[in-house]
Structure formats: C-alpha cells, structure tokens
1. List the GluC sites (Glu not before Pro) within the range 18-83 that DSSP assigns to loop and that have no more than 14 neighbouring Cβ atoms inside 10 Å.
2. Just order 157-163, 41-47, 110-116, 127-133 by mean Cβ neighbour count inside 10 Å, highest at the front, would you?
3. Hey, how many Å between the Cα centroid of the range 52-66 and the Cα centroid of the range 161-175?
4. Of Phe130, Pro86, Gly23, whose Cα points farthest to the positive end of the dipole of the range 6-139 (charges on the beta-carbon: +1 Lys, Arg; -1 Asp, Glu; origin at the Cα centre)?
5. Placing +1 at every Lys and Arg Cβ and -1 at every Asp and Glu Cβ, with all other atoms neutral, what dipole size does the chain have around its Cα centre, in debye to the nearest 20?
6. Here are several values of Rg/Rh (Cα atoms, Kirkwood Rh): (1) 0.98; (2) 1.08; (3) 1.35. Which one was derived from the coordinates shown?
7. Heavy-atom accessible area per residue, the range 1-160, 1.4 Å probe: how many Å²?
8. Would you work out what percent of the accessible area of the chain, with all protein chains in place, is carbon or sulfur (probe 1.4 Å)?
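The values are calculated or read from the model by the stated rules, or taken from the named source; none is laboratory data. The structure displayed is predicted, hence computed values, not measured ones. Cβ sites come from the backbone with ideal geometry, for glycine too, and all protein chains shown count toward neighbours. Remember, those area values only see protein heavy atoms, side chains included, never the ligands or the DNA or RNA. Shrake-Rupley method; radii C 1.70, N 1.55, O 1.52, S 1.80 Å.
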Amino acid sequence: TMAANPITRMQPAVDAVVFDFDGTLVASRFVDEAAVAELIASEPAAATGAGTFWSHEGEPLVRRVELAWPGRSSEILPLFERPEAPRRFPGIIALLNRLDGEGLALAVVSSRRLAALHRGLDATGLGGHFPVVIGLEDVVMPKPSPEGLMLALGRLGVGPSRAVFVGDSELDMEA
C-alpha cells in the first residue's frame, strides 16, 4: 500500500491584499452612466464632454468631471454622488471570507471620495472586511501614484514585498 502524504498547510506568500473598489470589488459604472445620461438629457450640449469623461476612467471623479466639463464641477458632481449603491461582484464575499480565514490583512485603496467609498462598502456588506480604507482625501497624489497603497500598507504594518494589489485599470497597474 502507498503511504498517504500528510497535507501541510502552506504559509501564504503574502501577508496583505489591497483592493481597488470600483470595477474590482463592485460594479459601479452604471451609476456614472446614469449621471452622464441625465446630464445630457437635461443639456444636450454636455454630450461633447462625455468622451473625455469616459477616457479618464479610473482617475478621481472630480478630475474627470473637471476635464470633461471645465469649471462646472460643483454643479455637475452632485449627479454622480447620489447614494445609489454599487453592486457587489459575484464571489467577492466568499473570496474575502477565505482571505480573512487565511489571516491576511485587507485594505481598500480608491480614488473615490471617502464618504462615498464608506457608503458603498457598507451598502454592499463589504465594510467589515477592511480595517483600512484609503480614499481620495487621504492622499496628496491619487493613483497612479503609489502613495495610497503605501499608506494602506503602513497602516496594516505590512511591507510592499509582502502584499499584492488587485485592481482593474491601467492606473491600478501603474500604481
């Protein structure tokens, strides 16, 4: 007979996983799409800025709005900041539960404003998984600068070589 090999629990290769929020943990583009559609419906000339807005996806919302519709951020931003909940991607809760079970430290780093970020995390039931949440107000330079990632890792007490960052955009990869 063959002797059974004991299964040994391997030590994870990392100590922390840092996630982007929009497009990674949750689907939220539909909220921006609705805001752009509402703006264009009320003001058809605003359609000229839509291409610019979408071409800067992943950058802070306030910057995208200012690039697309210069000088009108305070007027237009409220359309994008309605308390519509994002939709959690399938399997995210199971993934986070598994990472928690492995003892990995978890954080979120986003270019979204903190209030909207916390609102989205709470509305999707994800907030309890993330002891560290870094938003736009926490950094001087948003992604692609690695500042937010380094701040999150510092708060988690984990070095960059012992962490991974999960994102969905070119800006995330660059960070």
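1. Values: sites: Glu33, Glu38, Glu57, Glu66, Glu75, Glu81; in loops: Glu57, Glu81.
Those that pass, being in a loop and sparsely packed, number zero.
2. Values: 157-163: 13.7, 41-47: 11.3, 110-116: 20.3, 127-133: 16.6.
With the highest mean Cβ count within 10 Å placed first, the list reads 110-116, 127-133, 157-163, 41-47.
3. Here the two parts' Cα centres lie 19 Å apart.
4. Checking the options against the dipole of the range 6-139, the answer is Phe130.
5. Numbers: 15 positive and 23 negative charges, 102 e Å.
Its charge dipole is roughly 500 debye.
6. (2)
7. Working: 8510 Å² over 160 residues.
Counting only protein heavy atoms, the per-residue value for the range 1-160 is 53 Å².
8. Details: 5490 of 9520 Å².
Percent of accessible area from carbon and sulfur atoms in the chain: 58.
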